[in-house]
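Notes for the one structure printed next.
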Amino acid sequence: MSEAEALKSLGAFPLVQGALFVMVVLAGIWVFLRGTRDGKSGIATVPQWLMIGPAHDVMGAVHDIAEQIRKQTDVLERIEDHCRHTADNTRQCTQVLEAIRNESRLR
């Protein structure tokens, strides 16, 4: 089989492959240019070294607030459990007092 016959047997495959290669390269260039254009927005960017201190302080404050909220939630859950326990005791005491009253009426 000669080179000409081998080329004919491929048909349009090399042409399609070349077209896809060109499309991929053009898409890559377009994405690169768009990324550099989007990076140069009109908003002045703050240098990273300026944000290290304040951002770190804010994150620390948020962490402290979250920890306080967790502690408050634990305390409130304990209070709720105590209120339930007290309500149960009150209900039992009321039942006992009613039983005593009913028994004393029978005498």
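Read the figures in this text as sums done on the coordinates, not as results from a lab. As the structure is a computational prediction, the values presented were derived from the model and not from experiment. Every residue, glycine among them, receives a Cβ derived from its backbone with ideal geometry; neighbour counts consider all protein chains shown.
Annotations
- In order along the range 76-86, the Karplus-derived 3J(HN,Hα) couplings, from 6.51 cos²θ - 1.76 cosθ + 1.60 at θ = phi - 60°, round to 5, 5, 5, 4, 4, 4, 5, 5, 4, 4, 5 Hz, and Gly and Pro are given as x.
- Computed label-point distance, nm, for sites Arg105 and Ala61 using a 7 Å Cα→Cβ extension: 6.4 nm
- Calculated FRET efficiency, Ile69 to Val31, Cβ-Cβ distance, R0 = 35 Å: about 0.20 to the nearest 0.05.
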